[in-house]
Every structure is written in structure tokens, then in C-alpha cells.
1. Could you grab me the full set of residues in the stretch 31-65 that are more than 21 Å from Ile83 (Cα to Cα) and under 9 Å from the mean Cα position of the chain (by Cα)?
2. Out of Pro39, Pro84, which single residue is over 20 Å from Gln98 (Cβ atoms) and either of a type in the set (Val, Ile, Thr) or surrounded by 15 or more Cβ atoms within 10 Å (Cβ to Cβ) (or both)?
3. Quick one: which helices (runs of 4 or more DSSP H) sit completely within the stretch 38-107 and have at least 2 residues that are modelled with pLDDT under 90?
4. Out of all the residues in the stretch 19-32, which are free of Cβ contacts under 8 Å to residues at least 12 places away in the same chain and either outside any loop (DSSP other than H, G, I, E, B) or among the hydrophobic types (A, V, I, L, M, F, W, C) (or both)?
Amino acid sequence: MNQRNEKVANNIKELTAQFLGRANNRTSLITVTSAACSPDMKCATVYITVLPSSKENAALSFVKRQRGDIREFLKKNMPIKVIPFIDMAIDQGEKNRQKIDELLRNG
């Protein structure tokens, strides 16, 4: 990933976290863990974790419904011409890391 691409992805991550912090209905904790942009900067995927994990599907549906509003928020707050199409996904890497931590603790 080049530096500009990384900068835009990081900006998207920060702003999406801000937006979700305001829009979240507080039935679960949604944390934005990372974001990645495609090389052509037309698409970006924002990765989230959800606590409790039983609310994961509901939270993912919620953030996917918010994508249009998130994109508008990004348009207002990002100094780039073309805002990438935003997709949302559960951060499986973070989930796996937590599971490994738990297994190591319970050894």
C-alpha cells in the first residue's frame, strides 16, 4: 500500500469511528479496528469488532445501513475529490487474536 493510500485509509478509519460513536444505539460496543483502500481508491473496507459478540450480526447490519450517511460524513470531512465506496466487515484477525489470548490464559 502506498503512502497516500494508507493515509486515506487511516483517515476513513478515524472518521468512521467518530461517526459510529455518535450514531451507535448503545446496545453493543462497535469498535473500528482498521480500514483498507483498493489501489485505485474507488473502494474501502472498514473493519469492526463488536462486543458482545452475540450482537455481531445486528451491529454489522446496522453499520451497513449507515454506509450512505458515513460516505456523506466523509465527503464533508475529507480533503479528497473522490470518496471511495465504503463496505463494512467484521475484523476476523482481531477475533482470532482474542481467541488465542483466551487459550493462552486458560492454558
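The values are calculated or read from the model by the stated rules, or taken from the named source; none is laboratory data. Quick caveat: nothing in here was measured; it's all calculated off a predicted structure. Heads up, the Cβs are rebuilt from the backbone with ideal geometry, glycines too, and the neighbour counts pull from every protein chain shown.
1. Correct list: Thr31, Thr49.
2. Pro84
3. Values: elements: 56-65, 67-77, 92-106.
Where helices (runs of 4 or more DSSP H) fall fully within the stretch 38-107 and carry at least 2 residues being modelled with pLDDT under 90, they are 92-106.
4. Answer for the stretch 19-32, where residues must be free of Cβ contacts under 8 Å to residues at least 12 places away in the same chain and either outside any loop (DSSP other than H, G, I, E, B) or among the hydrophobic types (A, V, I, L, M, F, W, C) (or both): Gly21, Arg22.
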